[in-house]
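The values are calculated or read from the model by the stated rules, or taken from the named source; none is laboratory data. None of these values were measured; they are calculated from a predicted model. Every residue, glycine among them, receives a Cβ derived from its backbone with ideal geometry; neighbour counts consider all protein chains shown.
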Amino acid sequence: MEQQAIWAIGIFLLIYALIISEKIHRTIVAMIGGLLMVLLGIVDQETALHHIDFNTLGLLIGMMIIVSITADTGLFKFIAIWAAKKAKGNPVSIMIALAVITAVASAFLDNVTTVLLMVPVTFSITRQLRVSPFPYLITQILASNVGGTATLIGDPPNIMIGSAVKELSFMDFIVNLGPVAVVVMIIYVPIFILLFRKQIQTTPALTKSIMDLDEKELIGDHKLLRKCLTVLGLTILGFFLHQTLHLESATVALAGAFLLLLLTGEHMMEEAFTKVEWTTIFFFVGLFVLVSGLVETGVIAQLAARAIELTDGNLAATSMLILWLSAIASAFLDNIPFVATMIPMIQEMGNMGVSNLEPLWWSLALGACLGGNGSLIGASANLIVAGMAGKEGHPIRFVQYLKYGFPLMILSIIVSSIYVYFRYLM
Amino acid sequence: MELTYRYNKDVMEITEAASDTDVEFDIRVLSEELWPGMKKVQRFFEDNRVYTDVLFYAYADHHYRVIVRQDYYVDFILSLLKHRLVESAEWT
């Protein structure tokens, strides 16, 4: 192995260890890792820039802008209270309604944004009902990762896969991953009820206080709401048609974001830009450059060759290996760097003669997205909810989450294995 | 020392009940003129970074139930004062 490849592996492992340890913010660590690859001459600046996937970044930034402006209208609170009333103020039905809303919203927004919108209203409803927020928060974490699995824009691993594999359209993600996400959610709902129904009891008076709420009061600016809904609708329509229109998903999201800013005026721009999660954006930039070091020095190609050797090039075995490896790894590591490493590896398998890569891409997406449910550190949404809950005096402990999250994650991966096998490998 | 406040009973109705952790307010805004101020108070506490400090529940006819965490009681009263929903507040 060449000296540069050894350096690249050393930097990659060191950075990965630092990301896992959480001693230093992951964005700083990833950026330093990427910069080291350039400073040590493992990749030159031009090549490093070439490896940064601006489609992933543009899609995230565009959606963050649209959602931050839409959240200002009170729409998401309105939907949550409306659903709570439709659930007749019953705490168990409300828990399921909020989980389903989280899953659906996570499919069309990213799941970190979704939980940021859902958690405050969850605190509000549970306080009103005088019940523990824990069952609500944990079911929303699980639902956000399941819902995010269903679409190209739902979860960062899917955004990255969709961006790297141009043949896979927005519709392909829905058609191939949507059914599994729906089945997993259908299986989860009765389990949620069985697990938590005894923990969330309330009184008829408190139920009535939910029923009496006036959700219309929550919509502050009706004119802004109409603009947001129009642009959000057009953007989602754009995602469905992006391949027909020969547009990248980032172009659709950014066009939506800037159309909305044009309609709302300059005064919204400053605030919307401050709500873009720049730390996440730079985390991606650092990772893309970090992984480029492994790609350019041939390390990824060698790993792909080893994986093919291990499975004898058998497509079914390779798919299952990727699905389960992604799931277990994503449960305990951040799934974004994992997927950033796996994408070039699967592409390299294609160069080595594996003709049908589709099952491998879907296995990676299912493993990485659903695997995030395995532990509290498995996905960004989990950490965000835990952080918000802890700050408000309702900490979610690692082991406490693991007891529910890990078995439910394994169940979803068993369902996914059956699905991948029968749909693509039979 | 206790924080006491005065308000115009012709335009507002305020009742409060304390529990171990919270103070629950029942507020009716009887004057249209005061309504924007009430919305500003709500917006302030909903936009800050603490999610459970002051929780607002809106009912019909400008009627609010507000659950205020004990440690945010003073902040809430001062916010009402700032937006002229209460006329004075003092330590007694």
Quick one: which residue in B:Ser88, B:Ser79 is among the polar types (S, T, N, Q), over 29 Å from A:Lys275 (Cα atoms) and more than 11 Å from chain A (Cβ to nearest Cβ)? B:Ser88
Of all residues in the stretch A:205-232, which are buried (at least 17 other Cβ atoms within 10 Å of the Cβ), more than 14 Å from chain B (Cβ to nearest Cβ) and free of Cβ contacts under 8 Å to residues at least 40 places away in the same chain? A:Lys227
Test result for A:Ser93, polar (S, T, N, Q), in a loop (DSSP other than H, G, I, E, B) and at pLDDT 90 or above: no
Find the residue count for the stretch A:215-228, including only residues that are in a helix (DSSP H, G or I) and under 25 Å from B:Tyr59 (Cα atoms). 9
Filter pass, B:Val54 being within 11 Å of chain A (Cβ to nearest Cβ), in contact with a strand residue (DSSP E or B) (Cβ under 6 Å, 6 or more places away or on another chain) and of a type in the set (Val, Ile, Thr): yes
What pairs can you find where one residue is in the stretch A:62-89 and over 15 Å from A:Val100 (Cα atoms) and modelled with pLDDT under 90, the other is surrounded by 22 or more Cβ atoms within 10 Å (Cβ to Cβ) and among the small types (Gly, Ala, Ser), and their Cβ atoms are less than 6 Å apart, with a gap of 6+ or different chains? A:Met63/A:Ala253
Do any strands (runs of 3 or more DSSP E) lying entirely in the stretch B:10-92 carry at least 1 residues that are of a type in the set (Asp, Glu), and which ones are they? B:12-18, B:22-29, B:88-91
Residue check for B:Arg28: within 23 Å of A:Glu217 (Cα to Cα) and within 11 Å of another protein chain (Cβ to nearest Cβ): no
List the number of the failed condition for B:Tyr7; all other conditions in (1) at pLDDT 90 or above; (2) within 28 Å of A:Phe78 (Cβ to Cβ) hold. (2)
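Got at least one residue in the stretch B:39-58 being farther than 30 Å from A:Gly387 by Cβ and buried (at least 17 other Cβ atoms within 10 Å of the Cβ)?
no
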